[in-house]
Amino acid sequence: FLLYLIKGPAVGMRHVQALLVFLNITIMFIGRLNVGVSVVAMTNAETTNPDFPEYDWTEAEKSYILSSFFWGYIFTQFLGGYLCKRYGVKSVMFWGVFGSGVCSALTPLFIGFGEWQAYCGIRVIMGLAQGVVFPCIHQHLARWSPPGERNRLGALAHTGIECGNVSAMFISGMICKSSMGWPGISYVSAGIAFLWCVLWFILAANNPTESRFIGERELTYIEESLRHNEKYHETIIPIPWKAIWTSAPFLALLVVRCCENWGLSTLQAEIPSYMNGVLDMDMKSNTFFSALPFLAMWVMSYVYLISTEIVLGKNLVTLTVLRKTINSLAFFIPCATLIGIGFLDKDQKNFAIALMTIGVGFNSGQTIGSVLNTIDLSANHASILMGIVNTAANFVPIATPLVVGLIVEENSNRTEWQIVFIIASVFFLVGNVVYLIFGTAVSQPWDAEDYLKLKDPEVAKK
């Protein structure tokens, strides 16, 4: 009854935290994904700015560059989940983003003396830095979001994924054609990362009780809605590892996220090459049309968000039904469009672009459909779940460009690209079927603070 009497302000510090997370995701994805445009610019300077060095890298070497970020990214997911529970989200995220920014700033220097091998090396280090971030994000959202607003704030924050996708392709393409050339992509990425660190240092807090700017009304609203015990923020809740690894809903989430990463990483990393090779489009058109599907994804993410808020507000379906329905749209439609794209060539480029835009746009529903499911299953262990899921799921983008490099020997060969797109479609199909059967949005018994009945829980150092 108390929850109906206490209402937080319409706009408060919880929304500021969601905005900071949105900006963080956007900036991280720009640094992560601008490599797709950079590699095209560095190996085909005539279509960008010929005043900068051009490199003659093979398709295999390009595939190593595209996948190298994830060689480091997978190894710090678990670490990020542990560190943010131990030392707090604020410090861990700050140093993760700062480290990523330093790597961006040093990228042109490394390429200058070590070419593609050095490029891979700095991308691995960037991956190590960014790997700690996403587990922190889910922990941060769990601590700041009242249950009734969790879907809204989480979905809004994660639209940074789509914003980052668009920015990485479109803005990066504009930069590499400017007087800054392809090195400018790295310098701009570094600058915005450092700017975010300043905002985060001033405005962020590990939880509402530590915020300098939150009002008493909003603080009471958030803390009462989360129903914690008095010493919750000072206690490290022990992790029920066995219960997590034997949980069917969690394992279903693990499978669906791995399958999503295969399908989406195929599109993210390979669209510029596909546009160049099969559709025979120059860099100027390539940049715009490569970004167009992800612009649709960004717009559709808000369509999904508004639709789900209406459905949840009217209690038309349960959260589990809603997540599975949205995830089905996000997986099955791209599954169909990818197969269709594989049968088109440069004489049907407009149709190919339309299909790609529809498929990628609808795929934005995967955020509401399954990404936020970690917080549904366990708000107390959201960072740990995200660490596990992201570790497994991000082995996939390491393999994707390598597999594409093996299949696509000639960049303009439509038949070879057919195989690539059909493989991605199979992953979309299988992943969602598993999620439909075993997935749920119901909080699991092992989320309880006293699940392991530890008598003397370890007290965290503030």
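Annotations for the structure displayed:
- Both the radius of gyration and Dmax for the range 1-159 are 19.4, 68 Å, in that order, over alpha-carbon atoms.
- Considering only alpha-carbon pairs that sit under 8 angstrom and 6 or more positions apart, the relative contact order computed for the range 359-454 is 44 percent.
- Cα-Cα pairs of the range 337-462 separated by more than 23 Å (percent): 51 percent
- The distance between label points at Ala118 and Ser179 comes to 2.6 nm (points 7 Å beyond Cα on the Cα→Cβ vector).
- Mean Cα-pair separation over length for the range 1-151, i.e. relative contact order, pairs under 8 Å, 6 or more apart, %: 29 percent
- Long hydrophobic helices in the chain: the complete DSSP H runs spanning 27 Å or more by Cα along their own axis with mean Kyte-Doolittle hydropathy of at least 0.0 are 13-33, 89-130, 150-177, 181-203, 248-277, 283-313, 319-341, 414-438.
- Mean sequence separation of contacting Cα pairs (under 8 Å, at least six apart), scaled by the length of the chain, corresponds to a relative contact order of 26 percent.
- Taking the chain as a whole, the Cys residues whose C-beta sits 4.7 Å or farther from every other Cys C-beta are Cys103, Cys120, Cys163, Cys176, Cys197, Cys258, Cys259, Cys335.
- A cut-off under 11 angstrom between Cβ atoms defines the neighbours of Asn411, and their net charge, with Lys, Arg +1 and Asp, Glu -1, is -4.
- Where GluC sites (Glu not before Pro) in DSSP loops with at most 16 other Cβ within 10 Å are excluded, longest remaining stretch of the chain: 231-408
- Take the chain with all the other protein chains still there, run a 1.4 Å probe, and you get 40 Å² of accessible area per residue.
- Heavy-atom surface analysis with a 1.4 Å probe gives the range 251-407 a carbon and sulfur content of 72 percent of its accessible area.
- Identified option (computed semi-axes √(5λ) of the Cα gyration tensor in Å; candidates [x] 33, 28, 24; [y] 37, 25, 20; [z] 47, 26, 24): [y]
The values are calculated or read from the model by the stated rules, or taken from the named source; none is laboratory data. Note that the structure is a prediction, hence the values are computed from the model and not measured. Note that we place each Cβ from the backbone using ideal geometry, even for glycine, and neighbour counts take in every protein chain shown. Only protein heavy atoms, including side chains, enter the accessible area calculation; ligands, DNA and RNA are left aside. Shrake-Rupley method; radii C 1.70, N 1.55, O 1.52, S 1.80 Å.
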